[in-house]
Amino acid sequence: MKTQLNQEYEVPKPSEEMKTIIVSDLHGSIDSLYNVFNTYGFGENVKYVFLGDYSDRGPFGIEIIVFLCKLKIMNPQQFIMLRGNHEDHNEFTFFATQKELKAKYGDELKIEDLYEFFKALPLFCSVNGVLCGHSCFFTSLAQIFSLNRKVLNVKMDPDMYQMLWPLFNEVHRRADEFFSKHENIFKLFVRGHDFKRNGIEIVGKVVTIFGIKGYGTINQSAMIEVFEKDWFVRRI
Ligand SMILES: [Mn+2]
């Protein structure tokens, strides 16, 4: 009875507007990931989209992958993990992660397990009219939907290669055509992949963000906050 009364007369708390935080390119910088979570927390009004490139370069790539996977298992709707070009079976991009895995886990965690995880990651997602992906897109949604993401070695697959390894100019060349075709659906494409000195670059409807704070010569990282109708840049 008491429980029923409490439920009946409970005054709903004024809820903060739902927001989705888009984060890119952590590359083993767990400090940068903690900065993100310290800023936004794990409340029910916040969701996260990660644009890939979790490991290599920095020292805590495996920890980032494992931590994000654990969060996702606990609350699949709150965390979306996309695939970047470093989630790949390619010696050039994945070399540091393989060494890190061996040094920290020996034979306990197998590289093949990570490969299965990479193949399961989606390449794109959409949040309130904001298309999110690691680097590039096709100009047609049908092509995007028909991508075979189960490819392990991205460089061996022309379609995957175009999505994850394009030249920067190619992204912008495609943007005009993409947004003219899909202007009623999408207002923005948020990507990572390219290092930006100030953490962010906005060219037309293409926004490039970089998630590592204090990487190279930059002091700030940038994230995108997506609300139902608006979006904002946040640099921390
Ligand atoms: Mn990349």
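Residues checked against (1) within 14 Å of the ligand (Cβ to nearest atom); (2) crowded, with 19+ Cβ neighbours inside 10 Å; (3) not charged (D, E, K, R):
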position: Ile65; (1), (2), (3): no, yes, yes
position: Cys69; (1), (2), (3): no, no, yes
position: Glu87; (1), (2), (3): yes, yes, no
position: Gly106; (1), (2), (3): no, no, yes
position: Leu114; (1), (2), (3): no, yes, yes
Report task. State whether the residues of the range 92-105 include one that is of a type outside the set (S, T, N, Q), more than 14 Å from the chain's Cα centre (by Cα) and assigned to a loop (DSSP other than H, G, I, E, B). Result -> no
Query raised in the report: Is it the case that the range 185-199 has a residue that's of a type in the set (S, T, N, Q), part of a loop (DSSP other than H, G, I, E, B) and touching a Lys or Arg at 6+ places or on another chain (Cβ under 7 Å)?
Result: no
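Pick out the one residue from Leu123, Leu164, Leu147 that is of a type in the set (A, V, I, L, M), closer than 29 Å to Ile236 by Cα and touching a Leu at 6+ places or on another chain (Cβ under 7 Å). Break it down stepwise before answering.
Numbers: Leu164 fails: touching a Leu at 6+ places or on another chain (Cβ under 7 Å); Leu147 fails: closer than 29 Å to Ile236 by Cα.
Exactly one of Leu123, Leu164, Leu147 is of a type in the set (A, V, I, L, M), closer than 29 Å to Ile236 by Cα and touching a Leu at 6+ places or on another chain (Cβ under 7 Å), namely Leu123.
Look through Val127, Val226, Val206 and report the one residue that is surrounded by 15 or more Cβ atoms within 10 Å (Cβ to Cβ) and without any contact (Cβ under 8 Å) to a residue 60 or more places away in the chain. Give the steps one after another, and end with the answer.
Numbers: Val127 fails: without any contact (Cβ under 8 Å) to a residue 60 or more places away in the chain; Val226 fails: without any contact (Cβ under 8 Å) to a residue 60 or more places away in the chain.
None of the others qualify; the one that does is Val206.
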Query - Identity of the residue in the range 149-189, among the basic types (Lys, Arg) and more than 16 Å from the ligand (Cβ to nearest atom), that ends up nearest to Gly52 (Cα to Cα) - result: Lys150
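Just a yes or no: is a residue in the range 51-71 in a helix (DSSP H, G or I) and farther than 15 Å from Leu26 by Cβ?
Going residue by residue through the range 51-71, those that are in a helix (DSSP H, G or I) are 61-71.
Adding the requirement that they be farther than 15 Å from Leu26 by Cβ leaves 70.
Yes.
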Query raised in the report: Taking Lys181, is it of a type in the set (Lys, Arg) and exposed (fewer than 14 other Cβ atoms within 10 Å of the Cβ)?
Result: yes
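Any read-out appearing in this document is the output of simple, stated calculations on the displayed coordinates, not a laboratory observation. The model shown is predicted, which means the values in this text are computed figures rather than measured ones. Please note: Cβ atoms are built from the backbone with ideal geometry, for glycine as well, and neighbour counts cover all protein chains shown.
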